[in-house]
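Since the structure comes first, as structure tokens, the remarks are kept for the end.
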Amino acid sequence: MDHTSIDVTLVIDTFLLLLIGIGPKIALVPFLEVTGAIDPPTKQLMVRKMLTTAGVVAVGLIALGELLARLLHFSTGSLSIAGGIILVIIAVTMVLGSADPQESQAIKGRDPLRIAVFPLAVPYLLNPAGIVTLVTLSAEADSLAVVAMVLVLLAVVLALDVVIFRWANRVSDHLDESRMLVTEKIFGFLLAALAVQLVLDGLESVGVIHLAAH
């Protein structure tokens, strides 16, 4: 994408990438599973903590992404490859389920506000695709107008997250366990495809492969 000027294509592409990278879909099912037995006031605190953490980290990546890339000497291509690998691990876990049933119980036994930070805020809400997107936008944005556009779209996506998670318990009343499970498996498979694309884009960016135009 061209990050030097703003047009409709850039706005739509950026919004969709942010919706994937910091939208509600990956975090929603784990959130419902973890908070199933937690009282409503604590759930509200968890939602606030989760969204605040993800939002602060996201803004930090926009502000410091280019600096971090230079200090740590990594390219956006290598970041895309790393993000794809991590996202593949998350996707495989979603599709196949946790290898250790006790791991889920251990997560549920932790301090709810800590769970809201990890793993709900990062890497479920702000997932590897979002980290790659934000750092890439930070590194390649050549005008303050583009940065402002990214911040506005980020605010829109976070507002959507607020609405979804605030009413998550009401949504869960209409979803039995089998339906939630099927939804998680299907989206996990789609995430695996996204993860592979991130790796391919990263390999092309560093010159290892050349992808045909599509």
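Computed from the coordinates by the stated procedures, all read-outs in this text should not be read as laboratory data. Here the structure is a predicted model, which means the values were calculated and not measured. Counting neighbours? That spans all protein chains shown, and the Cβs are built from the backbone with ideal geometry, glycine included.
Placing R0 at 22 angstrom, the Cβ-Cβ distance between VAL182 and LEU160 gives a FRET efficiency of 0.45 after rounding to 0.05. Compute the helix-to-body angle for 128-140: its Cα long axis versus the longest principal axis of the chain, expressed 0 to 90° and rounded to tens. With rounding to tens, the tilt is 30 degrees.
Mean residue ellipticity, 222 nm, helices only, the chain: the sum of -39500 (n - 2.57) across DSSP H runs of n ≥ 4, divided by residue count and rounded to 500, is -25000 deg cm²/dmol.
Coupling constants for segment 142-155 follow from the phi torsions by the Karplus curve (6.51 cos²θ - 1.76 cosθ + 1.60, θ = phi - 60°), and in residue order they are 10, 8, 5, 5, 5, 4, 4, 4, 4, 5, 5, 5, 4, 4 Hz; glycine and proline get x. Among PRO40, PRO24, PRO128, the largest mean-square fluctuation in a Gaussian network model of the chain, built with springs joining Cα atoms closer than 10 Å, belongs to PRO40. Starting from the Cα of ARG70, move 7 Å in the Cα-to-Cβ direction to define the label point; list residues of segment 136-157 whose amide nitrogen is under 14 Å from there. Within reach of a label on ARG70: 138-142. Since only GLY97, LEU158, PHE74 are under comparison, the one whose Cα sits farthest along the positive direction of the charge dipole of segment 8-205, derived from C-beta charges on Lys, Arg, Asp and Glu, is LEU158. Among LEU96, LEU79, LEU200, the largest mean-square fluctuation in a Gaussian network model of the chain, built with springs joining Cα atoms closer than 10 Å, belongs to LEU96. Projecting the Cα positions of THR52, MET180, GLY23 onto the charge dipole of segment 8-205 (unit charges on Cβ atoms of Lys, Arg, Asp and Glu, taken about the Cα centre) puts THR52 furthest along the positive direction. Its relative contact order, with pairs defined as Cα atoms under 8 Å and 6+ residues apart, puts the chain at 44 percent. Restricting the calculation to alpha carbons of the chain gives Rg and Dmax of 17.6, 52 angstrom.
Remark: the chain carries a charge dipole of roughly 620 debye about the Cα centre, counting +1 on each Lys and Arg Cβ and -1 on each Asp and Glu Cβ. Axis of helix 40-72 versus longest Cα principal axis of the chain: the two differ by about 20°, to the nearest ten degrees. Computed from Cα positions, the angle between helix 76-96 and the longest principal axis of the chain comes to roughly 20 degrees. Here the simple spin-label model places points 7 Å from the Cα toward Cβ, and for VAL56 and ARG114 these points are separated by 1.7 nm.
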